[in-house]
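The values are calculated or read from the model by the stated rules, or taken from the named source; none is laboratory data. Since this is a predicted model, take the numbers as computed values, not measurements. Cβ coordinates were reconstructed from backbone atoms using ideal geometry, including for glycine residues, and neighbour counts include every protein chain displayed. Just the protein is used for accessible areas: all its heavy atoms, side chains included, with ligands, DNA and RNA removed. Shrake-Rupley method; radii C 1.70, N 1.55, O 1.52, S 1.80 Å.
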Amino acid sequence: MESERTLVLIKPDGVNRRLSGEIISRFERKGLKIVALKLLKLDRAQAEKHYSVHRDKPFFGELVQYITSSPIIAMVLEGRNCITTVRTLCGATDGSKAAPGTIRGDFSNSIQNNIVHASDSDESYRHEVSIYFNENEILTYQIAGENLI
Ligand code: CMP
């Protein structure tokens, strides 16, 4: 499996609860590489675009309200089998059902306020990443010791 990229958000509850360092650290320790990162506040149009597949769901309005309520951190991670690996580290969507040891299992007991978002496919990544980053903000570089991971 060659190197992949995925988009991760630390959502308003993760940032407000000062869990950003803990969450980023989990991805780093797994051996994934941060190739883009920023703190931003999503506007309504960006949030509606990000979650457009959920437009018809009953929770859509509340989800957009939540994700735009205060700053989030967006990042692009890179690594082997990255999309699946990151979703495994995040755990099940519903924090009350997520396994202990996962980010949601350890820090969330909510289905909406579930700390992180991670792309579920390469197609989703491509849709999502353009909302947060220009191509020139996603860096290609070597980390010392990368061959050991
Ligand atoms: P995320 O992985 O960002 O993808 C869609 C988001 O919608 C999900 O995390 C939750 O924050 C939210 N969500 C999913 N299902 C529900 C639900 N049944 N009720 C409220 N929010 C939900």
For residue 30, tell me the accessible area in Å² from a 1.4 Å probe, rounded to the nearest 10.
120 Å²
Expressed as a whole-number percentage, the relative contact order of the range 1-74 with C-alpha contacts under 8 angstrom and at least six residues apart is 50 percent
What does the charge count around residue 119 come to, taking other residues whose C-beta lies under 13 Å from its C-beta (Lys +1, Arg +1, Asp -1, Glu -1)?
-3
Which of the three applies to the range 3-132, rounded, prolate or oblate, going by the alpha-carbon gyration tensor with a ≥ b ≥ c and a/c under 1.5 meaning rounded?
rounded
Can you give the relative contact order of the chain as a percent, counting alpha carbon pairs under 8 Å and 6+ residues apart?
35 percent
Flagged links, alpha-carbon separation over 21 Å, of 11/57; 11/97; 11/49; 38/97:
38/97
Among 42-52, 107-117, how do they line up from the highest to the lowest mean number of other beta-carbon atoms within 10 Å?
107-117, 42-52
Working out 0.36 nm times the residue gap between residue 53 and residue 112, then minus their Cα-Cα distance, what length gain in nm do you get to one decimal?
19.7 nm
With +1 on each Lys and Arg Cβ and -1 on each Asp and Glu Cβ, how big is the dipole of the range 3-132 about its Cα centre, in debye rounded to the nearest 20?
280 debye
Label points 7 Å out from Cα along the Cβ direction at residue 41 and residue 60: separation in nm?
2.5 nm
